[in-house]
Amino acid sequence: MTTFTDPIGQHASADDPRIMLDNQIGAFEAVPPYPPRTEREAEFYSLRDGEMFINMGPQHPSTHGVLRVVLKINGEQVVDLDPVLGYLHRGVEKLCETSDYHHVISQVDPLEYVSSLFNEWAPVMAFEKLLDVEVPRRAEYIRVLTGELLRISSHALFQGWMALDLGGLTPILYSFIERDEIVEMLAAITGQRMLFNYFRIGGVNGDLNHEFMSRLGDWMSRAAKQHEANIGLLNENEIFVRRMRGIGKVDKDTALRMAVTGPNLRASGVAYDVRRAHPYSVYPELDFDIPVRGRGPEGGDSLDRYLLRLDEVRESLRIIDQCLHAMPDGPIMARLPRLLRPRPGRAWAAVEAPRGLYGTYAISDGTDQPFRMKIHDPSFVNLQLVGMLMRGNLIADTMAVMASLDPVMGGIDK
Amino acid sequence: MDRTLRARLEKRFADRMSGPVRQRHDTTEIRIGAADLTEVMTALHDEPDLEFVLLADLAGVDTGDHMQVVYHLWSARTPDWLRVIADGLPRDNPRIATLTGLWPGAEWMERETYDMFGIIFEGNRDLRRIYMPPDYTSFPLRKDFYLPDDAARSPGGGVRHMERTHVPTGTPGRVARRTVKA
C-alpha cells in the first residue's frame, strides 16, 4: 500500500500514474484533478506525514443514498472529511417555478422519499397562506393522522437502518414489517405506497375509507406492544449500545449554532419542536409531550439520538389515538378554483418532519406558478454535523455517527 | 401576529430598516440593506429580549431586477417567525457578508445559495459549488438562466410563462424576463 506523501498544495493531475490506475479500475479519484477553489479545500487536500485519503461512496451501503465522503485518515483514525453532494440533484426548485401550484405537490414528493407527506405539507401550507384559505377541520385531522403514521414508519425504518449500519441484520426485517403495514394502510386512501401525492391546497385528496380504518384498527391494537418488542430486540444488545454510547457528542450550544433541528436537536437538550414552537394544523388541540434527552453539559451522543426517536414513536401513537377519537365530520377540501392565482406576496411555512424542520418559502407574482420556491430540508443541515463529529473517531464509527443523524439523500440533494 | 415584537423591532432597528415592519399570518418581516446584515443579525442573535438563536432557513431570491438573501429565524421570546430580507444586491455582482460567525451551520446553506444564484458570501471559508459539478459555469436559479425546453421553440411556444421567459437571447419575439416586486 502506497501512502500519499504529496507536499502541501501539490495536487495530482490527470496524467498522474496513480490517477490513471484508479481510472482503469473505475474507482473515484480521492484528490480532485483541478486546483483548489477555496482555502478550506486546499487545506483538506494536502496531506501531512502518515495521512492518506480514502474514498467512501457514492455507492456505499451505509451512506443512506448516494453520498460520497472523502475521508482523510491517519491509520484507523479519521483526521478530517469532506462530504461531496449533488449526485441526486434534480433541480426541484427550478422545476417548481415552471409548474403550477397543484403540480408543485408532485414535484416535491420524491425529495425526502422516506416520509414524503411532510414534503407536501410544507408547500401546501405556504400556498394556503398565500391564498388565505382556511382548511376544513376534518382535513387537518386527516393530515395529522397520516403524518404521524408516516413518522412512526420513518422512525421504525431508522431503527432498522441504525442496526444494519452497525452490522445487525435482523432488526431491519422487523422495521419493514412495521413500515409495510403503514404504507399499505396509506395506499388504501392515497393509492401510492411511497410518493403519496395526497395533500392538496385546501385539504386532502380522499376521505378515510373502510379499508384504511380496518387496517389501522388492526394495527393500533398491537402497535404499542410491537414497538416495545422491537426496542427489546436492540436496546439490550451490549455491542449495539457500546458502539453508540459516548460517540458523536453534540452539546446544546453547538447544536443550535449548527442550525440542527428535529430529533438531533432535541437529543442535545433543546426542547424545540415546530409542532409546539409554531403550532400549525390542529396540534394545539392535541395532548402530547416533546421528548428531550442529553440535557447534561456534554449534550447527547449517538445513543441519545437513537433513543429519542423511540420516545417519539410513543408520542405519535398517542396523537393517532386522539385523532381517531376527535375526528370531526365534514368536508375534506376547501372550495377553491381549479386555477390558482394568489395575489403577489411571500409566505413561509414549516412543519416538523421526522428529521426536523421542513420549510418552504414561496413567492407569488400573481400568476399560476410560484415565482420562487425555496425548500429547506432538515437532513441537509443535519449532515453538516458529520464533519464536526467524525474528527478523531475511528472509521468504523463513521457509520454509527452518520446513521444516528438519519440523513436521507433525496432531500439533501434536492 | 406578535404586536410587541413589532414594537421592539421598530424601536431597535429604526435606522437600519429600509421599509416598515410587515406582519402576515405568523410571520414578522423586516427589510434591511445588505451592508447592515452582520450588525442586525448579531443584535437579533445576542440581545436578551430578542434571542433569535435558531437559523431556520437561508434562501436566495432573484427578483429579476436585483438579488435578495432571505433569512428565517426562531426565538422562544415570540410565537412568530422572523423573516429578515437583505435587499438590493446588484445582479451583476451580488455580495453579502457571511453568517458563519454566528451560525457555523449556515456554511452549507450559503454554499447552496452561491451555487444556485452566484451570490458571494464574503468570509465563508468554503464557498464552492455544492450540488453542481466544479466545472459548471452558470447559476441555475437565476431568472435569466436558459431552461433548454423544446416547448419554448415549438409552434405553440409562448403560451405559458416558462416558454415566454426562458427563450434564449436573439430568438424573435423574446419578451423581458419575469420579475416580481418581492
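Observations on the model:
- Taking the average, over residues, of other Cβ atoms within 10 Å as the packing measure, peptides A:358-364, B:17-23 rank A:358-364, B:17-23 from highest down.
- Of the trypsin sites (Lys or Arg not before Pro) found in the range A:85-165, those that fall in a DSSP loop while having at most 15 other beta-carbon atoms within 10 Å are A:R90.
- Over the residues of chain A, the helix contribution to mean residue ellipticity at 222 nm works out to -14000 deg cm²/dmol, using -39500 (n - 2.57) for each DSSP H run of at least 4.
- Averaged over the residues of B:57-65, the number of partner chain Cβ atoms lying within 10 Å of the residue Cβ comes to 5.
- Backbone N under 19 Å from the A:Q59 label point (7 Å along Cα→Cβ), restricted to the range A:399-414: A:409-410
- Note: relative contact order over the range B:3-122, using C-alpha pairs below 8 Å and six or more positions apart, is 22 percent.
- Here the gap between A:R314 and A:A271, fully extended at 0.36 nm per residue and compared with their Cα-Cα distance, gives a gain of 13.8 nm.
- Rounded FRET efficiency, nearest 0.05, which uses the C-beta distance separating A:E238 from A:L95 and R0 of 56 Å: 0.70
- Model label sites at A:L339 and A:R193, defined 7 Å from Cα along the beta-carbon direction, differ in position by 3.9 nm.
- Charge sum, other residues only, whose C-beta stays under 15 Å from A:L385's C-beta, Lys/Arg counted +1 and Asp/Glu -1: -3
- Positive end of the dipole of the protein assembly as shown (Cβ unit charges, origin at the Cα centre): among A:G167, A:H155, B:M116, the Cα lying farthest that way belongs to B:M116.
- Most fluctuating residue given options A:P36, A:P136, A:P370, as computed from a GNM of chain A linking Cα atoms under 10 Å: A:P36
- Peptide A:382-389 - average C-beta neighbours from other chains (10 Å radius): 2
- Taking the Cα centre of the protein assembly as shown as reference, the dipole from Cβ charges on Lys and Arg (+1) and Asp and Glu (-1) amounts to some 1480 debye.
- Highest-first arrangement of A:336-348, A:267-279, A:374-386, where packing means the average Cβ count within 10 Å: A:374-386, A:267-279, A:336-348
- You can think of it this way: the chain between A:H102 and A:R391 has 99.6 nm of extra reach, that is 0.36 nm per residue less the Cα-Cα gap.
- Residues of the range A:302-331 with an amide N closer than 17 Å to a point placed 7 Å from the Cα of A:S221 along the Cα-to-Cβ direction: A:321.
- For peptide A:370-376, the mean count of partner chain Cβ atoms within 10 Å of a residue's Cβ comes to 6.
- For the listed residue pairs A:K225/A:K249; A:K374/A:K414; A:K374/B:K143; B:K11/B:K181; A:K249/A:K374; A:K414/B:K181, the alpha carbons are over 20 angstrom apart in A:K225/A:K249; B:K11/B:K181; A:K249/A:K374; A:K414/B:K181.
- With a simple spin-label model that places each label point 7 Å from the Cα along the Cα-to-Cβ direction, the separation between B:K11 and B:T137 comes to 5.5 nm.
Values in this text are rule-based calculations from the coordinates and carry no lab data. Bear in mind that the values here come from a model prediction, so they are computed numbers and not experimental data. Reconstructed Cβ throughout: ideal geometry from the backbone, glycine too, with neighbour counts over all protein chains shown.
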